[in-house]
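Right, one structure below, let's go through it.
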Amino acid sequence: MLEAYTRSLINACRTVGLEFRLASFSERELRLALDESDLDLTALFKRRCPSDGLSAGKIAGIIAFRLGRFKIVHIAEDGQSHGKIHLIQDLAAIYAVQSALLRADIPATRVLEIAYQMSRRHANQETLGIVFDTITSKAA
């Protein structure tokens, strides 16, 4: 997972034009986020079955939400003035689930919109799941 998350963080930095050398992440916080995701996924699997809304999008919504909420990504002092650093962690979360679960091409403008919603507005696991389900249904 560390390698996959590193790739996602590289993509996030590239998307906003921040040099990757200015970003780092906490393995501990990443692990805590994934552990919390496991709890949420266990609850989801108990509540739903595949014919009742269990989908890759719903799973991706849970994981992206948790990856966005924990203090995983850290930006060096030299990068603190960058105008879009508030999106980095959420972008990394979206790229992680896009690569691992959704396997759908999400246009960069849409990825930025979703990251903004996660970062500055209200987006919960269920809302993100619906968004990801919609994206994957259009890609199919």
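With respect to (1) modelled with pLDDT of 95 or more; (2) assigned to a helix (DSSP H, G or I); (3) open to solvent by 20 Å² or more (accessible area, probe 1.4 Å), the lone exception for residue 24 is condition (2). State yes or no: is residue 82 outside any loop (DSSP other than H, G, I, E, B) and either open to solvent by 40 Å² or more (accessible area, probe 1.4 Å) or at negative phi (or both)? In short, no.
Here's the yes/no breakdown for (1) farther than 21 Å from residue 13 by Cα; (2) polar (S, T, N, Q); (3) assigned to a helix (DSSP H, G or I); (4) at pLDDT below 95:
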{"site": "90", "(1), (2), (3), (4)": "no, no, yes, no"}
{"site": "96", "(1), (2), (3), (4)": "no, no, yes, no"}
{"site": "105", "(1), (2), (3), (4)": "no, no, no, yes"}
{"site": "116", "(1), (2), (3), (4)": "no, no, yes, no"}
{"site": "123", "(1), (2), (3), (4)": "yes, no, no, yes"}
{"site": "134", "(1), (2), (3), (4)": "yes, yes, yes, yes"}
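Can you find a residue in the range 47-69 that is in a loop (DSSP other than H, G, I, E, B), open to solvent by 40 Å² or more (accessible area, probe 1.4 Å) and either farther than 16 Å from residue 5 by Cβ or modelled with pLDDT under 95 (or both)? Yes - at least one qualifying residue is present in the range 47-69. The requirement of being in contact with a Cys (Cβ under 9 Å, 6 or more places away or on another chain) and either in contact (Cβ under 8 Å) with a residue 24 or more places away in the chain or of a type outside the set (Asp, Glu) (or both) is not satisfied by residue 4.
The values are calculated or read from the model by the stated rules, or taken from the named source; none is laboratory data. Nothing here was measured: the structure is a model prediction, and the numbers come from that model. Glycine also receives a Cβ, built like all others from the backbone with ideal geometry; neighbour counts cover every protein chain displayed. Heads up: the accessible areas ignore ligands, DNA and RNA and are worked out on the full protein's heavy atoms, side chains in. Shrake-Rupley method; radii C 1.70, N 1.55, O 1.52, S 1.80 Å.
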